[in-house]
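A.B. asks: Quick one: the structure is below, and I'll ask about it shortly.
The values are calculated or read from the model by the stated rules, or taken from the named source; none is laboratory data. Note that the coordinates shown come from a computational prediction; the quantities given were computed from them, not determined experimentally. Please note: Cβ atoms are built from the backbone with ideal geometry, for glycine as well, and neighbour counts cover all protein chains shown.
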Amino acid sequence: MEITQYLTFILGEEIFSLEIARVREVLDYTIITKVPRTPSYLRGVINLRGSVVPVVDLRTTFGMPAGVVSVNTCIIIVETMVDGDPIILGLLADAVQEVLDLDRESIKPAPRIGTKFDTGFIKGMGRQNDRFIIILDIDRVFSSEELGMVQGIRDITEATLSAQPAA
């Protein structure tokens, strides 16, 4: 029996998860610097130990109403791939729950109808007690064009910051 660990997190009323192997770290909510003229799903960038990391609002990406920042709001730092290159990205979540072990047999395919979302980026549905957990395929949540734009914004922001004289 093959068991995989998943980080579970909350968006609205739903429980989502990502393979723990793709998660770098979980940060408390911090100031996000807005970048002008960017898509609504891109909340801005944060400084993570000297690196510029774009932060994406998963609620907006999934067509959910914007959330309210609370003491539980966090930023999940993940690594995803675009055209074979890794991209570090922050995902805004309402709260992180736990690391969950799921065996392959307890994961069912995503339903084709009756869901609020396009299911192409859902790896499957895990089950914990009486609740379903939506397992995301982080490499398919965003299109290559979206990730390319996010990467471009990160590069421009880093270049702008490195060109500024030290205070």
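A.B. asks: Test Glu79 against the stated conditions and say whether it is at pLDDT 85 or above, assigned to a strand (DSSP E or B) and either in contact with a Gly (Cβ under 7 Å, 6 or more places away or on another chain) or farther than 23 Å from Arg131 by Cβ (or both).
C.D. replies: Values: at pLDDT 85 or above: yes; assigned to a strand (DSSP E or B): yes; either in contact with a Gly (Cβ under 7 Å, 6 or more places away or on another chain) or farther than 23 Å from Arg131 by Cβ (or both): yes.
So Glu79 fits the description; yes.
A.B. asks: Moving on. In the stretch 1-42, which residue that is within 12 Å of the chain's Cα centre (by Cα) and basic (Lys, Arg) is surrounded by the most Cβ atoms within 10 Å (Cβ to Cβ)?
C.D. replies: Arg22
A.B. asks: Farther than 16 Å from Phe142 by Cα and exposed (fewer than 10 other Cβ atoms within 10 Å of the Cβ) - does that describe any residue in the stretch 81-103?
C.D. replies: Within the stretch 81-103, none of the residues are farther than 16 Å from Phe142 by Cα and exposed (fewer than 10 other Cβ atoms within 10 Å of the Cβ).
A.B. asks: With the requirement that a residue be touching a strand residue (DSSP E or B) at 6+ places or on another chain (Cβ under 9 Å) and either at pLDDT below 80 or β-branched (Val, Ile, Thr) (or both), what does the stretch 93-117 give you?
C.D. replies: Filtering the stretch 93-117 for residues touching a strand residue (DSSP E or B) at 6+ places or on another chain (Cβ under 9 Å) gives 93-104, 106-111, 115-117.
Val96, Val99, Ile107, Ala110, Pro111, Thr115, Lys116, Phe117 - these are the residues of the stretch 93-117 that are touching a strand residue (DSSP E or B) at 6+ places or on another chain (Cβ under 9 Å) and either at pLDDT below 80 or β-branched (Val, Ile, Thr) (or both).
A.B. asks: Filter the stretch 25-76 for residues that are assigned to a strand (DSSP E or B), of a type in the set (Val, Ile, Thr) and closer than 19 Å to Ile10 by Cα and give the result. Reasoning before the result, please.
C.D. replies: Step one: list which residues in the stretch 25-76 are assigned to a strand (DSSP E or B), which gives 25-28, 33, 42-48, 51-57, 74-76.
Okay, now just the ones that are also of a type in the set (Val, Ile, Thr), so 26, 33, 45-46, 52-53, 55-56, 75-76.
Once the filter is applied, which keeps residues that are assigned to a strand (DSSP E or B), of a type in the set (Val, Ile, Thr) and closer than 19 Å to Ile10 by Cα, the stretch 25-76 yields Val26, Val55, Val56, Ile75, Ile76.
A.B. asks: Quick check on Ile133: is it within 25 Å of Arg37 (Cα to Cα) and either modelled with pLDDT of 90 or more or in contact with a Lys or Arg (Cβ under 8 Å, 6 or more places away or on another chain) (or both)?
C.D. replies: Details: within 25 Å of Arg37 (Cα to Cα): no; either modelled with pLDDT of 90 or more or in contact with a Lys or Arg (Cβ under 8 Å, 6 or more places away or on another chain) (or both): yes.
Taking the combined requirement at face value, the residue does not satisfy it.
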